Amino acid sequence: MTTTEHIDHTEAHPETHGHKPNSFYIKVAAALAFITGIEVALYYLTLGAWYLPILLVLMLIKFLTVVSLFMHLKYDNRMFAMLFYSGLILAVLVYVAALMTFRFFDGG
Amino acid sequence: MSEATLAESHAVAHAADAHGAHVSPTTGLSNNKLAMWLFLGSECLLFGGLISTYMLYRGRHTGSPGPAQLWDIPLTSVSSFVLLMSSLTMVLAVSAAQERDDRLTCIWLSVTALLGSTFVGAQVYEFTSFYHEGVGFTTSLFSSSFFTLTGFHGIHVTVGIIMLMSLVGIISRSKVPGDKAEVVELIGLYWHFVDIVWIVIFTLVYLIPA
């Protein structure tokens, strides 16, 4: 096999590198549903100060799982990840700054 | 860029063109996919603005019902679960498309559209019940920001459903332009994005008390 032929079958379709068996996706979806169940259960429990950080961590886990595994960003070209996370990080920074301007975090 | 790397990039572009994908000879990446990721990155800014506005105004509902009186957590939890499962069926559609199984691809795309429709139906029911409780779009700053945020998301889901059903029709007639698996994947990316936005909305809007 020549170098060119090798490229034809791999780099032309990088997404096939992230192709997993269906059972893998079903397990991931089950894990996401389980985390959602925990989130809802926490809503009805009284956790006090722990409630918000736990909820945010669970949200982040779900978010990154869908982006990395269902959207194949973990296995795909880094350029795609860079484009998406640039927009995401920019959004977070801009709106956290905006909320700070309105004193959202100090309850003002 | 060295001559060898340039030659490799051209080879990648030619190989992908043979499959019908529009690949840049410079990057070796699909232009369509690059554009979709760029679009999704920009969508983060749109939804970031809407979520921030809601967070600022969620307590501004003097004289009218607020989040604590309105939220129906069991209903929203079920609709969140439905949307989450639609992400599973979407990724199964992408898998089927990559295996060139048109029948299975259409089945999973249709199931995804059906789950998406269930989610939109639940949202319409929720909006209607809020309206009957006296909370309309212009009732308070809280209601305006809430309806704008969740309404924008609902429109995105509806657009996704239209794209899914259109794709089923196009695949059935074997008239998909370019690489079929890539087209399914691109619509899949949009659908998953709609799901991750809801993951954030469900936590920040519904589960965190105002």
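Can you give the average number of partner chain beta-carbon atoms within 10 Å of each beta-carbon in peptide A:87-100, as a whole number? Mind dumping the intermediate values first?
Numbers: counts 11, 7, 2, 5, 11, 4, 1, 4, 11, 2, 1, 5, 4, 0.
Other-chain Cβ atoms within 10 Å of each residue's Cβ, averaged: 5.
Kirkwood Rh, Cα Rg: Rg to Rh for the range A:17-84? Intermediate results must be reported in sequence, preceding the final value.
Numbers: Rg = 14.8 Å, Rh = 13.5 Å.
Using only Cα positions, Rg/Rh for the range A:17-84 is 1.09.
Take A:72, B:156 and order them by how many other Cβ atoms sit within 10 Å, fewest up front.
Details: A:72 23, B:156 19.
Ranked by crowding around the Cβ, least crowded first: B:156, A:72.
Tell me, in nm to one decimal, what length is gained between residue B:110 and residue B:129 on full extension, where the rule is 0.36 nm per residue of separation less the Cα-Cα distance?
On the way: separation 19, 0.36 × 19 = 6.84 nm, distance 2.85 nm.
Full extension of this stretch gives 4.0 nm more.
At R0 = 41 Å, how high is the FRET efficiency between residue B:137 and residue A:97 if r is their beta carbon distance? Nearest 0.05 is fine. Let's see the in-between values first.
On the way: r = 28 Å, r/R0 = 0.69.
FRET efficiency, residue B:137 to residue A:97: 0.90.
Working from label points 7 Å from Cα in the Cα-to-Cβ sense, the residue B:31 to residue B:174 distance is 2.8 nm. If you take the alpha carbon atoms of the range B:111-163 and fit the smallest convex hull around them, that volume is 58 Å³ per residue. A cut-off under 11 angstrom between Cβ atoms defines the neighbours of residue B:210, and their net charge, with Lys, Arg +1 and Asp, Glu -1, is +2.
In debye, nearest 20, what is the charge dipole magnitude of chain B about its Cα centre with +1 on Lys and Arg Cβ and -1 on Asp and Glu Cβ, if you could check? Provide the component values of the computation, followed by the final result.
Working: 8 positive and 14 negative charges, 90 e Å.
Rounded to the nearest 20 debye, it is 440 debye.
The distance separating the Cα centre of the range B:138-164 from that of the range A:72-103 comes to 22 Å. Most mobile of B:62, B:148, B:89 per a Gaussian network model of chain B (Cα springs, under 10 Å)? So, out of B:62, B:148, B:89, the one fluctuating most is B:62. Peptide B:75-85 has a mean of 3 when you count, residue by residue, the C-beta atoms of other protein chains within 10 Å of its C-beta. Using the alpha carbons alone, the radius of gyration of chain B stands to its Kirkwood radius in an Rg to Rh ratio of 1.09.
Once divided by 2.2 N^0.38 Å, the Cα radius of gyration of the protein assembly as shown becomes 1.09.
Taking neighbour Cβ counts within 10 Å as the exposure measure, how do B:102, B:195, A:76 sort from fewest upward?
Details: B:102 16, B:195 28, A:76 19.
In increasing order of surrounding Cβ atoms, one gets B:102, A:76, B:195.
Calculated on the Cα set of the range B:106-210, radius of gyration then Dmax: 16.5, 51 Å. Ranked by the mean number of other Cβ atoms within 10 Å of their residues, highest first, the peptides A:82-88, A:29-35 fall in the order A:82-88, A:29-35. Partner shielding of B:47-54 amounts to 4, given as the average count of beta-carbon atoms from other chains within 10 Å of each residue beta-carbon. With K and R counted +1 and D and E -1, the other residues having a Cβ less than 10 Å from that of residue B:97 yield a net charge of -4. Using only alpha-carbon positions in the range B:148-210, the gyration tensor eigenvalues give semi-axes of 31, 11, 7 Å once each is multiplied by 5 and square-rooted (largest first).
Coordinate-derived values only; no laboratory data. Everything numeric in this text was worked out from a predicted model, so none of it was measured. Glycine also receives a Cβ, built like all others from the backbone with ideal geometry; neighbour counts cover every protein chain displayed.
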